[in-house]
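The values are calculated or read from the model by the stated rules, or taken from the named source; none is laboratory data. Keep in mind that what you see is a predicted model, and the values were worked out from it rather than measured. Backbone-built Cβ (ideal geometry, glycine too); neighbour counts: all protein chains shown.
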Amino acid sequence: MSQEVLDNFTKETGIKIHSEYYKTNEDMLAKLELSPSYYDLITPSDFMIERLIKEQALAPLDLNQIPNSQYLMENLRYPSFDPKGEYSLPYAWGTLGIVYDKSRVKAQDLGSSSILWNNAYSGYIIMCDSIRETIGTALLRLGYDINTQKAEEIEEAGELLKKQRTLVMGYMGDTVKSLMGMGEATLALTWSGSAALAIRQNPNMDYFLPKEGSNYFLDSFVIPKKSKKKELAQKFINYVYQPEVAYKIWQDVGFVTPNQKAYERLPVSLQKDKRWYPDFKDPPLYLLKDLDENTLRLYNKVFKEEESVREKLLTSILLLFLVLLSACNRQMDENTLVLFTWNDYFDPQVIEDFSKEKGVKVHVEYFSTNEELLAKFENNKSYYDLLTPSDHLVDKLIQEDLLTPLDYTHIPNAKTYLMPCLKQVAYDPSRTYSLPYAWGTVGILYDKSKVTQSVDSWQILWDPKYKGQIIMTDSLRDTIGVALKLLGYSLNTADRKALEEAGALLKKQAPLLMGYFGDATEMLMSAGEASLAVMWSGEALNAMRRNPNMNYVIPKEGANLWEDDFVVPRDSRKKELAYEFINYMYRPESAYKNWQFLAYSTPNIKTFEMLPEHERNDKRWYPDLPNTRLETLRALTNKELELYNKVWLELKS
């Protein structure tokens, strides 16, 4: 769930949310058992809910306090683990299947889970880092019940997995979508939501459910019996079950929504797609059931034997989990640069080349919004060594004294190759704290085969002719900024009347929209699913490379000129390593290779000279600076941000 959804709930209700995270159901159970009255709302998987119900660890839900539960899909209302729907309400659901790279996989190999044992893909196969799902896949391939408790069948599944050892890249969880999306792997056993996000990132990706069958899952809201804030928990569930909020969550996490009204807002092509909304019969799909302790021990024994090829060992013992995590962090502190950046923002090969040359590791973590970056960074300021926030957040971080002044003696390439037009910015006039990583504009991407009139104004995004074919960006500042520019105001205005006008204009537009999207926009436009979209210039260029019908314009009223910067946190313990990485990325050849992957405008003058002439001369990608039509976002004060949030919340509701 995105930080934005949580923040919006807090702004709407005045109720603060403290989130804690777990990696496995076993980890969640261990934490809950250690402190049963601490947690107010949890989202375990189906088989874990079955166990919690058996152990009488959950409180019955009062559906009178959750009226939006009326929107729950009927086929999900009474699952086998909670047959009366007393204790749980689904948050997300989906399947376990195989995501694959269409450019590398032969068509005749598709359809069966046997592809995960195919020598042709040795070294490029990722298995799911989950005990039940991985062993379950082997059981189904052998023709056994996915919930078998027969020792000989479980052991046979273990032997089948041993045969696979030399073929797999690793056993992974959240990193699957990034590795597949970037084309680093060919096949992965993963959940449908991760597959959907990988497909959004890379059009070469596709997903299928094995003919032998698979499991489907229901991650559901449940309230611990000893929670002291059950009413607040039910209020949050009711909020999440608002169709517009459920729709936003689908955009963020990729997993199938259990909300009927949110489902009806999806593009028709997605509603009818059996990969995401299967019929449960062909192929057969099964819910995982809770297992007795003896069977669980056998599963853990089988899975532990795969340790030699695992990226990390799953365990249900919390103490062991924490010891492993602590050891991992110590190793990271000594050898690894922690880079915190946007999804798919660096060419993995460039990072690998840096690691090989310097003999160090780069651990990359991702955020989806500047708000998410700030929230995670503020919780652990010394953990991250290098960030790439947007300009207005850099402004805020400088004001709050959270960044270290850059030592240019360690970054000579930046001093030599930074474009002259980018050497001064309002929020950091002397480039004391920040160096541009990428920059660009916000404009309109449109499909020339569908939009035949001239596109030169933001006004076209209000044309009823394109109802249902218009996408706005799911970004508070950028979407409100479009309306402000159309009305003739500054992107940074704090005038209440101007913001109210912008809000009213956006409300008039709302019935015309396909939706407010983030990462999905490029995919939907490239696939011809929409006609017009507000989009960042680099994503627009990538879409144009994929689909010749795409075109991009900067509207005449003006637009946002943005940059994402390298900044080093004040409390980082590895500043010299961060400088070394920045300096490497400012090498002209490294920056050029990364530009080929990223497509956003380069801040490196030598790299710019290496670009094709038609791109160097294209003012959409490299506008003349300074430019009165283009405006950079500044950091808002808390009072100003409240005005923007009010407009945004009213629009989204």
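Here are the numbers:
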{"item": "Some residue of segment 350-367 being among the β-branched types (V, I, T), modelled with pLDDT under 95, outside any helix (DSSP H, G or I) and within 22 Å of the chain's Cα centre (by Cα)", "result": "yes"}
{"item": "In segment 558-586, the residues that are more than 30 Å from S457 (Cα to Cα) and part of a loop (DSSP other than H, G, I, E, B)", "result": "V568, R570, D571, S572, R573, K574, Y586"}
{"item": "Any chance P90 is closer than 30 Å to K235 by Cα and out of contact with any Leu (no Cβ under 7 Å at 6 or more places or on another chain)", "result": "no"}
{"item": "Any helices (runs of 4 or more DSSP H) falling wholly within segment 588-636 and containing at least 2 residues that are touching a residue at least 24 places away in the same chain (Cβ under 8 Å)", "result": "588-598, 605-610"}
{"item": "Selection status of E576, among the acidic types (D, E), touching a residue at least 40 places away in the same chain (Cβ under 8 Å), surrounded by fewer than 16 Cβ atoms within 10 Å (Cβ to Cβ) and over 18 Å from V442 (Cβ atoms)", "result": "yes"}
{"item": "Test: A375 is under 21 Å from the mean Cα position of the chain (by Cα) and surrounded by 15 or more Cβ atoms within 10 Å (Cβ to Cβ)", "result": "yes"}
{"item": "Cβ-Cβ under 7 Å pairs, at least 6 apart or on other chains, segment 434-448 side over 24 Å from G528 (Cβ atoms) and touching a residue at least 60 places away in the same chain (Cβ under 8 Å), far side among the polar types (S, T, N, Q) and crowded, with 24+ Cβ neighbours inside 10 Å", "result": "A438/S601; W439/S601"}
{"item": "Test set (1) assigned to a helix (DSSP H, G or I); (2) surrounded by 21 or more Cβ atoms within 10 Å (Cβ to Cβ) - P555 fails condition number", "result": "(1)"}
{"item": "Residue match in segment 520-540 (condition: in contact (Cβ under 8 Å) with a residue 12 or more places away in the chain, assigned to a helix (DSSP H, G or I) and touching a Ser or Thr at 6+ places or on another chain (Cβ under 6 Å))", "result": "yes"}
{"item": "Single unsatisfied condition, A30 versus (1) at pLDDT 80 or above; (2) touching a helix residue (DSSP H, G or I) at 6+ places or on another chain (Cβ under 6 Å)", "result": "(1)"}
{"item": "Looking only at segment 82-130, and only at residues there that are among the hydrophobic types (A, V, I, L, M, F, W, C) and surrounded by fewer than 14 Cβ atoms within 10 Å (Cβ to Cβ), the one that is nearest to L161 (Cα to Cα)", "result": "A120"}
{"item": "Residue that is within 18 Å of D206 (Cβ to Cβ) and among the aliphatic types (A, V, I, L, M), where the choices are A138, A157, A120", "result": "A120"}
{"item": "Members of segment 33-52 that are modelled with pLDDT of 85 or more and closer than 29 Å to L373 by Cβ", "result": "Y39, D40, L41, I42, T43, P44, S45"}
{"item": "Yes/no for F303 being under 23 Å from the mean Cα position of the chain (by Cα) and buried (at least 16 other Cβ atoms within 10 Å of the Cβ)", "result": "no"}
{"item": "Meets criteria (of a type in the set (D, E, K, R) and buried (at least 16 other Cβ atoms within 10 Å of the Cβ)) for E50", "result": "yes"}
